[in-house]
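The values are calculated or read from the model by the stated rules, or taken from the named source; none is laboratory data. As the structure is a computational prediction, the values presented were derived from the model and not from experiment. As a convention, Cβ positions derive from the backbone with ideal geometry for all residues, glycine included, and neighbour counts pool all protein chains shown.
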Amino acid sequence: MDPEPTAGAHVSTRERILDAAYQVMHTHGLAHSTTKEIARAAGYSEATLYKHFRDKTDLFTAVLMERLPSALPALLSGLADRAGRGDLAATLEEVARAAMAFYTDAFPMAASVFAEPALLASHRAALAERGAGPGTVSAALADYLEAERRAGRLAPSADPASLADLLLGACFQHAFLSHFPGPRERAAEEHRRLARDLVAALLQSAAPPDRPAR
């Protein structure tokens with residue numbers, strides 16, 4: 001039986017479980033990772049794991065938000081405050097770099113869930129209950145682009161939802177394809193270059209006719 005965590009050890013227990021969940025899910029994928037295996041890797045019982053997380057989906061969501069080496073969640077939450085300010089292209093490049101880093105690390109964990117329809121259905125329902133899921137990323141970016149369109153920094157005819165899908169879709173494709181040749185030592189440099197090229201192509205047709213999209 002696990003020792004009862006003290007008030008000072010509460011955060012430590014949760015952090016150890018998150019670290020173990022990241023390692024197990026990254027190695028075996030979400031579908032083939034069990035809470036029992038994760039608890040064992042963290043050095044605790046399943047009962048202790050469930051004191052901190054409702055279920056595997058709750059744990060997976062926490063891993064995505066707190067363990068992936070990406071600034072994407074925090075960046076998306078602050079996009080509304082950037083509308084109409086600063087360099088539009090630079091902001092979108094920052095989003096693209098963060099998205100590529102996030103998708104690259106998340107893909108090995110999440111891909112296996114699509115091989116099991118029942119697990120995918122339960123995972124989808126659990127994310128919907130939490131107001132989470134992959135669609136929230138494109139929705140947040142589309143909202144930002146709509147605000148930029150209203151501010152006059154995108155053409156009136158620009159479709160914010162399509163622009164968001166095009167940028168994030170390209171980032172996801174790059175993350176997917178990057179796993180075939182294996183890890184790359186210069187991934188960050190490659191992400192910067194690709195983000196610059198993607199945003200330039202995206203804004204070329206979406207900028208107002210009287211000025212560049214900046």
Across the range 91-138, what is the total count of residues that are free of Cβ contacts under 8 Å to residues at least 12 places away in the same chain and of a type in the set (Gly, Ala, Ser)? 7
With the condition kept exactly as written, say whether any residue in the range 190-206 is touching a residue at least 12 places away in the same chain (Cβ under 8 Å), surrounded by 13 or more Cβ atoms within 10 Å (Cβ to Cβ) and in a loop (DSSP other than H, G, I, E, B). yes
Since Asp55 meets every condition but one in (1) touching a residue at least 12 places away in the same chain (Cβ under 8 Å); (2) in the same structural domain as Ala151 (by TED's automatic domain parsing); (3) acidic (Asp, Glu), which condition does it not meet? (2)
Do we have any residue at all in the range 159-170 that's surrounded by 18 or more Cβ atoms within 10 Å (Cβ to Cβ), closer than 29 Å to Leu59 by Cα, touching a Phe, Trp or Tyr at 6+ places or on another chain (Cβ under 9 Å) and not small (Gly, Ala, Ser)? yes
Condition first: over 18 Å from the mean Cα position of the chain (by Cα), surrounded by fewer than 19 Cβ atoms within 10 Å (Cβ to Cβ) and not in a helix (DSSP H, G or I). Now tell me which residues in the range 71-122 satisfy that. Gly84, Arg85, Gly86, Asp87, Glu116
Ser33 vs (1) assigned to a loop (DSSP other than H, G, I, E, B); (2) within 30 Å of Ala142 (Cα to Cα): all pass except (2)
Residue pairs qualifying under the 6 Å Cβ cut-off, at least six apart or on distinct chains, with the first in the range 37-50 being assigned by TED's automatic domain parsing to the domain that holds Arg14 and the second being of a type in the set (Lys, Arg), are Ala42/Arg16; Glu46/Lys36
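Each row is one residue, and each column tells you yes or no for (1) at pLDDT 90 or above; (2) assigned by TED's automatic domain parsing to the domain that holds Met100; (3) under 19 Å from the mean Cα position of the chain (by Cα).
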{"position": "Leu167", "(1), (2), (3)": "yes, yes, yes"}
{"position": "His179", "(1), (2), (3)": "no, yes, yes"}
{"position": "Gly182", "(1), (2), (3)": "no, yes, no"}
{"position": "Ala187", "(1), (2), (3)": "no, yes, yes"}
Is at least one residue of the range 132-139 under 30 Å from Ser205 (Cα atoms), at pLDDT 80 or above and hydrophobic (A, V, I, L, M, F, W, C)? yes
Quick check: anything in the range 9-19 surrounded by fewer than 17 Cβ atoms within 10 Å (Cβ to Cβ), at positive phi and not assigned by TED's automatic domain parsing to the domain that holds Val95? no
For residues that are in a loop (DSSP other than H, G, I, E, B) and under 20 Å from Ala96 (Cβ atoms), tally how many sit in the range 134-154. 3
Name the pairs whose Cβ atoms lie under 7 Å apart, with the first residue in the range 16-30 and over 15 Å from Val113 (Cα atoms), the second part of a helix (DSSP H, G or I) and of a type in the set (Asp, Glu), and 6 or more positions between them or separate chains? Leu18/Glu66
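How many residues are part of a loop (DSSP other than H, G, I, E, B) and of a type in the set (Gly, Ala, Ser) if we restrict to the range 51-70?
Selection size over the range 51-70: 1.
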